[in-house]
1. If I ask for residues that are closer than 20 Å to A110 by Cα and surrounded by fewer than 19 Cβ atoms within 10 Å (Cβ to Cβ), which ones from the stretch 143-164 would you list?
2. Can you run down the residue pairs with Cβ atoms below 9 Å, 6 or more apart or on separate chains, where the first is in the stretch 129-143 and of a type in the set (S, T, N, Q) and the partner is surrounded by 21 or more Cβ atoms within 10 Å (Cβ to Cβ) and in a helix (DSSP H, G or I)?
3. Here is a list: V116, V163. Which entry is among the β-branched types (V, I, T) and farther than 16 Å from H61 by Cα?
4. Right, I57: under 25 Å from H153 (Cβ atoms), at pLDDT below 90, of a type in the set (V, I, T) and crowded, with 16+ Cβ neighbours inside 10 Å or not?
5. Output the residue which, of all residues in the stretch 104-122 that are small (G, A, S) and crowded, with 20+ Cβ neighbours inside 10 Å, is nearest to A51 (Cα to Cα).
6. What do you reckon, is A47 out of contact with any Cys (no Cβ under 8 Å at 6 or more places or on another chain), at pLDDT 95 or above and surrounded by 18 or more Cβ atoms within 10 Å (Cβ to Cβ)?
7. Of all residues in the stretch 85-98, how many are surrounded by fewer than 22 Cβ atoms within 10 Å (Cβ to Cβ) and either at negative phi or in contact (Cβ under 8 Å) with a residue 40 or more places away in the chain (or both)?
8. Residue under question is W89, and the condition is that it be under 27 Å from E33 (Cα atoms) and part of a strand (DSSP E or B); does it hold?
Amino acid sequence: MSASSWTAAKLGSSFDPRSRTAATEQPRLLIDEDLELRPFRSTDAPAIVAAFSTPDIRHYHFRSLTLAEAFGWIEDCAKSWQTETSATWAVTDRSDGTVAGRVTVYTCLAEGHGEVSYWILPDARGRGVATRACVAVTSWAHDVGLPRIELQHSRDNEASRRVALRAGFVEEGPSATPRRRVARHGAVSHLATDGALENGGGEQPRQSPSRRRGEPR
């Protein structure tokens with residue numbers, strides 16, 4: 001997988017976030033013979049409208065979108081890549097380019113961690129699309145120098161929990177981070193994958209990367 005040039009080297013004590021460059025084009029990531037990740041494009045707007053019209057996606061992401069808003073959402077994804085605040089890909093079927101879902105890594109480069117978020121359209125569910133997409137972006141995130149990747153889900157969203165565990169995340173318990181989704185959906189479980197777990201799990205969970213107002217979810 002191409003790691004792009006968000007970071008020139010793995011994060012460490014000498015990492016200087018000012019040395020980053022966002023000049024590179026966002027890469028396409030091949031998942032397997034069936035699926036590929038690519039940046040969203042304007043022709044995907046109807047699929048985005050359909051996604052945010054799906055009851056469970058709308059419920060957990062707190063919004064629905066018009067076609068005009070979907071075009072703006074796509075533009076926001078591109079801007080977030082340039083500002084290095086998040087990386088969002090369309091999860092697509094390689095046979096015909098159909099959008100099956102979306103996966104995002106929200107980043108905190110200076111702190112060396114990120115958070116994965118995703119949704120999958122109903123027609124693409126039941127064949128491991130979410131798990132494979134999470135594995136792919138987590139691998140990409142580690143490659144660009146983010147040693148800790150987090151995933152949070154509502155405690156009433158058991159399907160999302162299963163996706164996270166299958167993708168290699170380890171449960172750390174309830175999130176200590178107060179978030180809007182906590183108020184909306186109750187307690188939130190916190191999962192993560194990082195080197196600290198291999199060293200005995202002594203590191204406490206860091207605060208998750210914050211999403212700026214208007215940033216695509």
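The values are calculated or read from the model by the stated rules, or taken from the named source; none is laboratory data. Because the structure is predicted, anything quoted here is derived from the model rather than measured. Here the Cβ is made from the backbone with ideal geometry for all residues, glycine too, and neighbour counts use every protein chain on show.
1. Hits for the stretch 143-164 are D143, G145, P147.
2. Going by the 9 Å Cβ cut-off, the qualifying pairs are T131/V163; T131/A164.
3. From the options V116, V163, the qualifying one is V163.
4. Working: under 25 Å from H153 (Cβ atoms): yes; at pLDDT below 90: yes; of a type in the set (V, I, T): yes; crowded, with 16+ Cβ neighbours inside 10 Å: yes.
Answer is yes for this residue.
5. Top of the filtered list is S117.
6. Working: out of contact with any Cys (no Cβ under 8 Å at 6 or more places or on another chain): yes; at pLDDT 95 or above: yes; surrounded by 18 or more Cβ atoms within 10 Å (Cβ to Cβ): yes.
When the stated conditions are applied, A47 passes them.
7. So the answer is 6.
8. Values: under 27 Å from E33 (Cα atoms): yes; part of a strand (DSSP E or B): yes.
In short, yes.
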